[in-house]
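First up is the structure itself, then whatever we jot down about it.
The values are calculated or read from the model by the stated rules, or taken from the named source; none is laboratory data. Bear in mind that the values here come from a model prediction, so they are computed numbers and not experimental data. We place every Cβ from the backbone using ideal geometry, glycine too, and count neighbours over all the protein chains shown.
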Amino acid sequence: MRYDITAPAPTRRGPIDEHRLITLEPLAALSAARRAELVACCTRERVPAGLNLFREGERDDCAIYLLRGELLLTGGGPGPARLLAVARNGDNDALRHPIADKQPRQASAMTLGEAEILRLDYDSLDVALLWDQYAHFRSTCGGAVHDGLARLQRVLPLRAVPPERIDDLFACLEPVAVKAGQMVVREGEAGGDYYIIAEGEAAQIRETDRRRRAAIVPLGPGASFGEEALDPTGRYGASVAMTTPGRLWRLARADYAALTRAGEPPWIEARDALARADCGRAQWLDVRHPAEHSHDRIPGAQLAPLQHLGEALAELDPDRDYLCYCNTGRRAAAAAALLRGRGFRAAALRGGLHALPAP
């Protein structure tokens with residue numbers, strides 16, 4: 001049976017209200033700053049009946065949530081497509097999570113009537129989850145620099161920094177004292193440094209037309225600017241001047257380039273990880289949020305969320321091998337690096353749950 005119905009394209013209706021994200025998992029576990037940043041990465045779409053949102057075997061690297069309506073899920077391997085489920089918004093708690101989100105897709109999804117969905121870039125979601133969980137972990141470890149990690153308003157510009165190098169990133173930040181009225185960067189100048197406001201307030205000034213009228217955006221602690229400087233050929237897209245005395249953290253382009261040239265991360269391939277776990281030589285360690293773990297997990301996995309990893313150390317056996325996993329591998333790599341730094345034998349599942357074969 002084929003569900004290949006010609007239908008109009010979806011109508012985009014973004015952006016979505018930030019408060020709507022609190023009803024979805026794992027977005028509900030994110031800090032307000034991370035949710036606010038992800039709003040720009042979301043699109044809300046009104047979808048007509050008979051539209052295929054995705055097909056079995058495709059890889060779209062998006063999390064899709066059903067906000068309203070019904071979906072027909074079909075597939076389940078080679079041969080004729082078979083009915084797997086009918087998903088109705090409001091039916092159960094499972095629809096707080098992305099629909100059939102394993103990549104490549106293990107099912108096809110088609111709308112049964114007009115529906116409304118939220119589409120979110122999976123990479124951006126994963127970066128937000130990593131930094132939020134890591135910030136909570138670091139807040140329990142102390143350290144003046146790491147205290148500011150949770151206050152960062154934007155982390156997506158730093159997504160290229162490998163998870164196991166986040167500590168090194170903060171070690172590269174240079175404190176800079178600034179005065180009121182000081183021009184920190186000028187629009188159009190060749191970039192060189194990226195800045196995060198630790199203390200004080202600033203104004204971002206962007207020329208809007210030939211009459212040199214300017215758009216002014218206030219910036220406060222946790223705000224960052226100059227991400228164009230991280231590109232070797234980048235130029236600042238706006239000027240930034242301090243409106244009060246303060247202190248900045250400065251990241252030099254050369255340091256950023258060195259950070260993104262990661263060493264060998266603590267990866268293990270899916271085949272090797274499954275073999276080690278099946279013979280009892282290693283223990284699966286789920287470093288995601290509890291809501292993610294309860295929704296979809298590897299049988300027998302031990303839950304040790306990244307944000308609570310410091311508290312979980314006492315429950316881990318130093319003579320045991322651990323296989324850390326998350327959805328894509330990013331958070332697992334950070335957890336494995338932290339465990340290795342504390343004397344444990346740990347590896348991260350490359351590609352995360354998406355890399356495991358379908359059951």
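Yes or no: segment 73-82 includes at least one residue that is of a type in the set (A, V, I, L, M, F, W, C) and modelled with pLDDT of 85 or more.
yes
Identify, from the list Ala215, Ala177, the residue that is in a strand (DSSP E or B), at pLDDT 95 or above and small (Gly, Ala, Ser). Write out each step before concluding.
Values: Ala215 fails: at pLDDT 95 or above.
Criteria check complete, one pass: Ala177.
Take Gly69 and tell me if it is touching a strand residue (DSSP E or B) at 6+ places or on another chain (Cβ under 8 Å), outside the structural domain of His289 (by TED's automatic domain parsing) and modelled with pLDDT under 90.
On the way: touching a strand residue (DSSP E or B) at 6+ places or on another chain (Cβ under 8 Å): yes; outside the structural domain of His289 (by TED's automatic domain parsing): yes; modelled with pLDDT under 90: no.
Considered against the rule, which asks whether it is touching a strand residue (DSSP E or B) at 6+ places or on another chain (Cβ under 8 Å), outside the structural domain of His289 (by TED's automatic domain parsing) and modelled with pLDDT under 90, Gly69 comes out as no.
Tell me the residue from Arg253, Arg276 that is touching a Leu at 6+ places or on another chain (Cβ under 9 Å) and modelled with pLDDT of 95 or more, please. So that I can check it myself, show each step before the final result.
Values: Arg253 fails: modelled with pLDDT of 95 or more.
Exactly one of Arg253, Arg276 is touching a Leu at 6+ places or on another chain (Cβ under 9 Å) and modelled with pLDDT of 95 or more, namely Arg276.
Looking only at residues in segment 125-141 that are touching a residue at least 60 places away in the same chain (Cβ under 8 Å) and surrounded by fewer than 20 Cβ atoms within 10 Å (Cβ to Cβ), which one is nearest to the chain's Cα centre (by Cα)? Spell out the reasoning first.
Kept after step one, since they are touching a residue at least 60 places away in the same chain (Cβ under 8 Å), are these residues of segment 125-141: 125-137, 140-141.
If we keep only those that are surrounded by fewer than 20 Cβ atoms within 10 Å (Cβ to Cβ) as well, we get 136, 140-141.
Numbers: His136: 15, Thr140: 21, Cys141: 22 Å.
Restricting to residues being touching a residue at least 60 places away in the same chain (Cβ under 8 Å) and surrounded by fewer than 20 Cβ atoms within 10 Å (Cβ to Cβ), the top hit is His136.
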